[in-house]
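Participant: Before we start, here is the structure in question, set down as structure tokens.
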Amino acid sequence: MNEKRLYLFSMISVSNLSKNYDAIQALKGISFGIKQGEFFGLLGPNGAGKTTTISIMSTLLEPNAGSVSIAGFDLKNNPTECKKIIGVVPQEIALYNELSAYDNLMFWGSLYNVTKSELRLRIDETLKLFGLFERRNDKVKTYSGGMKRRINIASALLHKPRVLFMDEPTVGIDPQSRNLIFEVVEKLHKEGMTIVYTTHYMEEAERFCDRIGIIDNGQIIAQGTLEELKSLSKISETIVVSFLNLSDSLYEKISSEWEGLTRTEDVVHFISSDVKRDLSVIVLKCSQAGLSISHIDIKKVNLETIFLSLTGKQLRD
Ligand SMILES: Nc1ncnc2c1ncn2[C@@H]1O[C@H](COP(=O)(O)OP(=O)(O)O)[C@@H](O)[C@H]1O
Ligand SMILES: [Mg+2]
């Protein structure tokens, strides 16, 4: 399928977005499509342009060029229709500290076209979903960071959006809140919600996302499923073997039998396209050559190594 066709059938289509903040080119023409019900991860280091992208997609910021369409509505021409469809969880928590969680949700929920009685039901339901029903009447200022984050997400769900944007929703919170957020997000995805999730944690992108866009320096440098990204980056897994008795001549012997070896003192890296198949062969060949192995380590391909191979940089600061 060519790209244009894919975009026609997608829930979200982002096309050639550019954004400058004075001299800073935060987005340099980024494009991606997201299908209905898909969990799309935007993965990139700090300053890559994730928040700028999400802010434009949620009408909080105007791009210098490019367009976004959501469920067939052009964001610029039909912002009101788009806003009905999306729920936005901003990176910065937006809550009134002096109000209770309940009143905060009442405030945010009343911005949407939902009747008071329906809203009350939804608030109760959402508070329970996030494990905060018992604490609903406490002022938000008495909440932990993780609890505030949960209410922040809850407030984006009250109008039952079909599409949810979440901008780094687990940064700086306790493991208990993080796990609860993961559970809720997985549930929403299972129920068919389309989710756009930005993160700089590759574990999160690997765990949840159907497809991932890797963003760096205002550009999408690769996108696809994890498998597609793995093959795109052309890196292979490595079997790292430490020896007790590695000599130059023994190393020469095994390197004549195996492509792409590298050696650092007593440790040899064997590049492998199929670890299951190669591991036993390597062990056998080494023992036939008279080598004693002290340790074996398998380096998997993951988003961290993919990012490194594509950009030459670490994902983390
Ligand atoms: N309001 C702003 N004014 C000036 N520069 C900004 C502003 N917001 C973001 N930037 C810059 O734009 C780039 C992208 O930022 P951002 O979208 O926040 O990245 P991310 O969310 O991936 O960390 C960065 O270089 C950042 O410093
Ligand atoms: Mg950000």
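The values are calculated or read from the model by the stated rules, or taken from the named source; none is laboratory data. Because the structure is a prediction, the values reported are computed rather than measured. Heads up, the Cβs are rebuilt from the backbone with ideal geometry, glycines too, and the neighbour counts pull from every protein chain shown. Only protein heavy atoms, including side chains, enter the accessible area calculation; ligands, DNA and RNA are left aside. Shrake-Rupley method; radii C 1.70, N 1.55, O 1.52, S 1.80 Å.
Participant: Would you confirm whether or not the range 168-179 contains a residue that is in contact (Cβ under 8 Å) with a residue 12 or more places away in the chain, more than 16 Å from ligand 2 (Cβ to nearest atom) and within 26 Å of Thr53 (Cα to Cα)?
Facilitator: Yes: one or more hits.
Participant: Given the conditions (1) exposed (fewer than 15 other Cβ atoms within 10 Å of the Cβ); (2) within 15 Å of ligand 2 (Cβ to nearest atom), and given that Pro45 satisfies all but one, which numbered condition is not satisfied?
Facilitator: Tallying (1) exposed (fewer than 15 other Cβ atoms within 10 Å of the Cβ); (2) within 15 Å of ligand 2 (Cβ to nearest atom), Pro45 fails exactly one: (1).
Participant: Which one of these is over 28 Å from the mean Cα position of the chain (by Cα), free of Cβ contacts under 8 Å to residues at least 40 places away in the same chain and open to solvent by less than 10 Å² (accessible area, probe 1.4 Å): Leu111, Leu127, Leu119?
Facilitator: Leu119
Participant: What about Leu105, is it surrounded by 14 or more Cβ atoms within 10 Å (Cβ to Cβ), assigned to a strand (DSSP E or B) and modelled with pLDDT of 95 or more?
Facilitator: So Leu105 fails the test.
Participant: Which numbered condition in (1) of a type outside the set (Phe, Trp, Tyr); (2) surrounded by fewer than 22 Cβ atoms within 10 Å (Cβ to Cβ); (3) assigned to a strand (DSSP E or B) is the only one that Glu203 fails?
Facilitator: Checking Glu203 against (1) of a type outside the set (Phe, Trp, Tyr); (2) surrounded by fewer than 22 Cβ atoms within 10 Å (Cβ to Cβ); (3) assigned to a strand (DSSP E or B), the one that fails is (3).
Participant: Give the range 188-217 a look and list any residue that's touching a helix residue (DSSP H, G or I) at 6+ places or on another chain (Cβ under 8 Å) and free of Cβ contacts under 8 Å to residues at least 40 places away in the same chain, or say none.
Facilitator: Arg207 - this is the single residue of the range 188-217 that is touching a helix residue (DSSP H, G or I) at 6+ places or on another chain (Cβ under 8 Å) and free of Cβ contacts under 8 Å to residues at least 40 places away in the same chain.
Participant: Is it true that Ile153 is under 28 Å from Lys50 (Cα atoms) and not in a loop (DSSP other than H, G, I, E, B)?
Facilitator: yes
Participant: Within the range 72-94, restricting attention to residues that are more than 19 Å from Leu132 (Cα to Cα) and within 16 Å of ligand 2 (Cβ to nearest atom), which residue is most open to solvent (accessible area, probe 1.4 Å)?
Facilitator: Checked the range 72-94; the qualifying residue most open to solvent (accessible area, probe 1.4 Å) is Glu92.
Participant: Report whether or not Tyr197 is in contact with an Asp or Glu (Cβ under 9 Å, 6 or more places away or on another chain), buried (at least 21 other Cβ atoms within 10 Å of the Cβ) and not charged (D, E, K, R).
Facilitator: Answer is yes for this residue.
Participant: Return the total of residues in the range 56-89 being of a type outside the set (A, V, I, L, M) and part of a helix (DSSP H, G or I).
Facilitator: Here the count works out to 6.
Participant: Select from the range 5-32 the residues that are over 19 Å from Asn217 (Cα atoms) and either part of a strand (DSSP E or B) or among the β-branched types (Val, Ile, Thr) (or both) and list them in ascending order.
Facilitator: Within the range 5-32, Ile12, Ser13 meet the criteria.
Participant: I've got another one for you. State yes or no: is Thr59 on the phi > 0 side of the Ramachandran plot and open to solvent by 40 Å² or more (accessible area, probe 1.4 Å)?
Facilitator: It is true that Thr59 is on the phi > 0 side of the Ramachandran plot and open to solvent by 40 Å² or more (accessible area, probe 1.4 Å).
Participant: Sticking with this one: Is there a residue being closer than 21 Å to Leu158 by Cα and within 16 Å of ligand 2 (Cβ to nearest atom) anywhere in the range 7-22?
Facilitator: So far as the range 7-22 goes, no, none of its residues is closer than 21 Å to Leu158 by Cα and within 16 Å of ligand 2 (Cβ to nearest atom).
Participant: Kindly check whether there is at least one residue in the range 175-185 that is part of a loop (DSSP other than H, G, I, E, B), open to solvent by 10 Å² or more (accessible area, probe 1.4 Å) and assigned by TED's automatic domain parsing to the domain that holds Thr126.
Facilitator: Taking every residue of the range 175-185 in turn, none turns out to be part of a loop (DSSP other than H, G, I, E, B), open to solvent by 10 Å² or more (accessible area, probe 1.4 Å) and assigned by TED's automatic domain parsing to the domain that holds Thr126.
Participant: Right, here's the next one. Give the residues of the range 10-61 that are among the acidic types (Asp, Glu) and touching a residue at least 12 places away in the same chain (Cβ under 8 Å), sorted by residue number.
Facilitator: Glu38
Participant: May I pose another question? What are the pairs, 6+ residues apart or on separate chains, where a residue within the range 287-309 that is surrounded by fewer than 11 Cβ atoms within 10 Å (Cβ to Cβ) has its Cβ under 7 Å from a residue that is acidic (Asp, Glu)?
Facilitator: Matching pairs, first to second residue: Lys300/Glu237.
Participant: Can you tell me which residues in the range 130-165 are closer than 17 Å to Ser100 by Cα and open to solvent by 60 Å² or more (accessible area, probe 1.4 Å)?
Facilitator: Result: Glu134, Arg135, Arg136, Asn137, Lys139, Lys141, Thr142.
Participant: Quick one: count up the residues across the range 33-55 that are near ligand 1 (Cβ under 8 Å from one of its atoms) and part of a loop (DSSP other than H, G, I, E, B).
Facilitator: Summing the residues that are near ligand 1 (Cβ under 8 Å from one of its atoms) and part of a loop (DSSP other than H, G, I, E, B) in the range 33-55 gives 6.
Participant: Would you mind finding the one in Ile195, Ile221, Ile239 that is away from ligand 1 (no atom under 16 Å from the Cβ) and closer than 30 Å to Glu259 by Cβ?
Facilitator: Within the list Ile195, Ile221, Ile239, the selection yields Ile239.
Participant: Right, another one. Can you go through Asn97, Asn64 and tell me which one is open to solvent by 50 Å² or more (accessible area, probe 1.4 Å), assigned by TED's automatic domain parsing to the domain that holds Glu134 and either more than 22 Å from Arg149 (Cβ to Cβ) or within 16 Å of ligand 2 (Cβ to nearest atom) (or both)?
Facilitator: After applying the criteria, what remains is Asn64.
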